[in-house]
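Let me begin by presenting the structure, written as structure tokens, before commenting on it.
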Amino acid sequence: MNDTEYMRLAAQLARQGYGWVNPNPVVGAVIVKNGKIIGQGYHKKYGEPHAERNALANCQTSASGATLYVTLEPCCHYGRTPPCSEVIIESGISRVVVGSSDYNPLVFGEGIALLRSHGIKVIEGVLKDECDKLNESFFHYIQNKTPYVVMKYAMTMDGKIATHSGNSQWITGEKARRRVHEDRHRYSAIMVGVGTILADNPLLTCRLENSRNPLRIICDTNLRTPLQAKTVTTTYASATLIATAVTDTNRHQPYLDAGCEVLVIPKKEDHIDLNSLMEKLGEKQIDSLLLEGGGTLNCSALQSGIVNKVQAYIAPKLFGGSGKTPVEGLGVNHPDRAFLLSKPVMTQVGEDILLESEVIRCSQEL
């Protein structure tokens, strides 16, 4: 195996940390000596030892003179755990191969510089694109202090997310729905508008084994969420936060009594200010968010400029007629004002297709 193949193995290990380490990055590490893997590990849970320490702890023999493959630059500062660069130096590892640089201001370049100052050979940027992709939400959060927002929707091939009567279950197949639940596990929170709560009364949890539930966020400007809604009556199993512009604490109390958190957000035009909400969520260490709202919330989110990625699941079906579309509102007034997206990555998911694109530019005229 070569450097790229060992790094790809480290990346596979890193993915096992999805959902458990937020708002920390996922990291995988492999230690190789004399052409054999002698240790491997990954960051398993927030606050617990990092990948490098786990890999060293799992070593079958001395790591002195070995090569460490790690998907992210080793940390060099004290946080919830001691710095990994310290234990790497102590181990006698002579060569370190790094996938991504760590954009955390406490680390950026310093971890690599420290290793080199102790005579350790460091190779940077091996499988960089793949390693960067592992932590796209972490990199956004650490630099902006707001959640990385993924706008997800499922639609038919004629662009409908529901029939003219409002029915939407189920547009996509079982494999696509499973992938959505994997993302509910991966991201810190899931957000919908009150319209979705009133229309579908969803549970908004992750239905996979050995998974975690995201924080459920309801954008409810005028506080219309029914107290009988599943998201309100199941707070014992999964936390619910209601973001509202209503300041009357007497109206908050029934939701608080049910176990919900109520967060007052100022209004912007006729809805809560989504930029202000993102700042508040960032302060709560919500590093990533899956937006599963309807066309109205999607419109507001795009117009506010908070969306980082679009996930469009496309099913081989046609609804026709006046069914709902993924982004409501008037739309742009000219093609030049369209939201620009990166070249989509296409994945076949069962009978459906998933298109994923980064948002390049958001129009302000939607």
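The values are calculated or read from the model by the stated rules, or taken from the named source; none is laboratory data. The structure presented is a predicted model; accordingly, all values stated were derived computationally and were not measured. Don't worry about glycine lacking a Cβ; one is built from the backbone with ideal geometry, like all the others, and counts go over all protein chains shown. With ligands, DNA and RNA removed, areas are computed over all heavy atoms of the protein, side chains included. Shrake-Rupley method; radii C 1.70, N 1.55, O 1.52, S 1.80 Å.
A few points about this structure:
- Taken as a whole, segment 90-113 holds at least one residue that is closer than 26 Å to Glu5 by Cα, of a type in the set (S, T, N, Q), in a helix (DSSP H, G or I) and at pLDDT below 95.
- Members of segment 238-292 found to be open to solvent by 70 Å² or more (accessible area, probe 1.4 Å), among the polar types (S, T, N, Q) and within 26 Å of the chain's Cα centre (by Cα), listed by number: Gln285
- Considering (1) more than 18 Å from the chain's Cα centre (by Cα); (2) of a type outside the set (Ser, Thr, Tyr); (3) assigned to a loop (DSSP other than H, G, I, E, B), the lone condition that Val307 does not fulfil carries the number (1).
- Subset of segment 259-288 [in a strand (DSSP E or B), at pLDDT 95 or above and touching a helix residue (DSSP H, G or I) at 6+ places or on another chain (Cβ under 7 Å)]: Val262, Leu263, Ser288
- Of the strands (runs of 3 or more DSSP E) lying entirely inside segment 1-85, those containing at least 1 residues that are in contact (Cβ under 8 Å) with a residue 40 or more places away in the chain span 28-33, 67-72.
- Qualifying residues in segment 249-306 (those that are touching a residue at least 60 places away in the same chain (Cβ under 8 Å) and of a type in the set (D, E, K, R)) - the one farthest from Phe339 (Cα to Cα): Glu283
- Selection within segment 302-333: residues that are closer than 19 Å to Ala199 by Cβ and out of contact with any strand residue (DSSP E or B) (no Cβ under 6 Å at 6 or more places or on another chain). The member of this set that is most open to solvent (accessible area, probe 1.4 Å) is Lys324.
- Count - residues of segment 338-356 that are open to solvent by less than 80 Å² (accessible area, probe 1.4 Å) and either touching a Lys or Arg at 6+ places or on another chain (Cβ under 8 Å) or not hydrophobic (A, V, I, L, M, F, W, C) (or both): 10
- If the condition is being closer than 18 Å to Glu356 by Cα, over 24 Å from the mean Cα position of the chain (by Cα) and open to solvent by 100 Å² or more (accessible area, probe 1.4 Å), then segment 155-180 contributes only Met157.
- If you check Thr225, Thr196 for being open to solvent by less than 20 Å² (accessible area, probe 1.4 Å), of a type in the set (S, T, N, Q) and touching a helix residue (DSSP H, G or I) at 6+ places or on another chain (Cβ under 9 Å), only one passes: Thr225.
- The condition of being at pLDDT below 95 and surrounded by fewer than 24 Cβ atoms within 10 Å (Cβ to Cβ) holds for only one of Gly39, Gly79, that being Gly79.
- Listed by first and then second residue, the pairs linking a residue in segment 150-162 that is more than 22 Å from Ile306 (Cα to Cα) and of a type in the set (S, T, N, Q) to a residue that is open to solvent by less than 10 Å² (accessible area, probe 1.4 Å) and modelled with pLDDT of 95 or more, with Cβ atoms under 7 Å apart and 6 or more places separating them unless they lie on different chains, are Thr156/Ala315.
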